[in-house]
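Let me begin by presenting the structure, written as structure tokens, before commenting on it.
The values are calculated or read from the model by the stated rules, or taken from the named source; none is laboratory data. Note that the coordinates shown come from a computational prediction; the quantities given were computed from them, not determined experimentally. Heads up, the Cβs are rebuilt from the backbone with ideal geometry, glycines too, and the neighbour counts pull from every protein chain shown.
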Amino acid sequence: MKLRHCLPALVCTTLLAATASAQSLPKTHLKVTGGLSNLTAYQDYERPFWTKTIGEKSQGQVTAEIKGFNEMGMKGPELLRLLGSGVIEYGTATLSYFASDNPINEAIDLAGLATDVKTARTLTDAFQPVLAKTYGEGNKVKLLGISTYPAQVLFCNADIKGLGDIKGKKVRTSSRTQADFIEALGGTSVTMAFGDVVPAMQNKVVDCAITGSLSGYSAKWYEVATHLLALPVNWNQQVHAVNGATWSKYDPALQKFLQTEVDGLVNTIWDAAAKQTQQGYDCNTGAAACTLPVKGKMVLVTPSEQDKALLKQVSEQVVAKWAQRCSAACVNDFNTTIGKTLGVVAKK
């Protein structure tokens, strides 16, 4: 590679070093199973990262192909097991999918604990070493990073004024912790696939449903829902991971390169989460700030102080229920990381 007219000299040296480093990577092609392919997290970040960024940063030495797990006929919960067995080399999936295998996967995203993205990231970073150890020892999986969807919020095809109005409502939830949250509010939790929500809300099978504010927009929930409560219930973090045996065979330079780049991907997604949450609010409700081509006409319900107090009260019940289904070691890990950060104590 020739660098002409490169000034100052330090810039030339840095570029040459980066190029030499990239060219020293072994020629590698990766097969990645990504997240839900119809959502912005996949379309705007994950797919371009694997199909474009990795190749550019490695000077073509490392290439990748990716398909969303839904495009491959999967439902999500099986992904961690397939990663551990080596059937899948690389994978991305929502942590809550693995809750039935081990409740430790719920710890960083218990409903009601993180009402803003900064807190959600802090709790994730605090607990990530625990999950990395769990995946390595119990599942033969190398955890590369944890990213997030925008805030998970309530979409309702019903006239609601606040969180208390969920009492008596049937609500689609996507995780055990969300189900505990809805039931603590006096609602009925309904387990349902993401793709089934629109007809279910149209036909009044459910009154409300929880998903990311922008995810709901992408799936056109604004066509069947009338009210959006702008109060994050949780975040639905995603793990980015690789089969442990596959990872261990890699040249150390390749490991370093991939880990550094995935760190960058994760940081980018987290940085975008708050903006995407607000974008979801704006575009579902047709606010002038929405920059996307289609604008919904939902009513944005702004949380009151009463809503925030009820959220805190309910979150305590959520933590207590979770602690009963997780191991003593798991609860201890929670208390020394997340609990210490928030001033919350989980008890068996």
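Tally the residues that are in the same structural domain as residue 189 (by TED's automatic domain parsing), farther than 20 Å from residue 123 by Cα and in a helix (DSSP H, G or I), restricting the search to the stretch 285-324.
Number satisfying all stated conditions: 6.
Among the residues of the stretch 294-306, is any surrounded by 14 or more Cβ atoms within 10 Å (Cβ to Cβ) and among the acidic types (Asp, Glu)?
Scanning the stretch 294-306, I find no residue that is surrounded by 14 or more Cβ atoms within 10 Å (Cβ to Cβ) and among the acidic types (Asp, Glu), so the answer is no.
In this structure, is residue 219 under 30 Å from residue 321 (Cβ atoms), within 21 Å of the chain's Cα centre (by Cα), modelled with pLDDT of 95 or more and of a type in the set (Gly, Ala, Ser)?
No, not satisfied.
For the stretch 324-348, what are the residues that are touching a Lys or Arg at 6+ places or on another chain (Cβ under 6 Å) and either polar (S, T, N, Q) or surrounded by fewer than 21 Cβ atoms within 10 Å (Cβ to Cβ) (or both)?
Scanning the stretch 324-348 gives a single hit, 328.
With the checklist (1) under 16 Å from the mean Cα position of the chain (by Cα); (2) at pLDDT below 90; (3) not β-branched (Val, Ile, Thr) in hand, flag the one item residue 8 doesn't pass.
All conditions are met except number (1).
Per-residue answers, yes or no, for (1) touching a helix residue (DSSP H, G or I) at 6+ places or on another chain (Cβ under 7 Å); (2) farther than 18 Å from residue 166 by Cα:
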{"residue": "196", "(1), (2)": "no, yes"}
{"residue": "201", "(1), (2)": "no, no"}
{"residue": "204", "(1), (2)": "no, no"}
{"residue": "207", "(1), (2)": "no, no"}
{"residue": "214", "(1), (2)": "yes, yes"}
{"residue": "218", "(1), (2)": "yes, yes"}
{"residue": "224", "(1), (2)": "yes, no"}
{"residue": "228", "(1), (2)": "yes, no"}
{"residue": "231", "(1), (2)": "yes, no"}
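The conditions are (1) at pLDDT 95 or above; (2) in contact with a strand residue (DSSP E or B) (Cβ under 9 Å, 6 or more places away or on another chain), and residue 39 fails exactly one of them. Which is it?
Only one criterion in (1) at pLDDT 95 or above; (2) in contact with a strand residue (DSSP E or B) (Cβ under 9 Å, 6 or more places away or on another chain) is unmet by residue 39, namely (1).
Could you tell me whether any residue of the stretch 102-115 is outside any strand (DSSP E or B) and in contact with a Pro (Cβ under 8 Å, 6 or more places away or on another chain)?
yes
Going by the conditions given, is residue 124 under 23 Å from residue 267 (Cβ atoms), surrounded by fewer than 21 Cβ atoms within 10 Å (Cβ to Cβ) and of a type in the set (Ser, Thr, Tyr)?
Judged against the criteria, residue 124 is not a match.
So which of 143, 110, 154 is of a type in the set (A, V, I, L, M, F, W, C), modelled with pLDDT of 95 or more, under 21 Å from the mean Cα position of the chain (by Cα) and closer than 21 Å to residue 38 by Cα?
It is 154.
Note down all Cβ pairs under 6 Å where the first residue falls in the stretch 133-151 and is over 11 Å from residue 92 (Cα atoms), the second is of a type in the set (A, V, I, L, M, F, W, C) and in a strand (DSSP E or B), and they're at least six residues apart or on different chains.
135/141; 135/143; 141/241; 142/242
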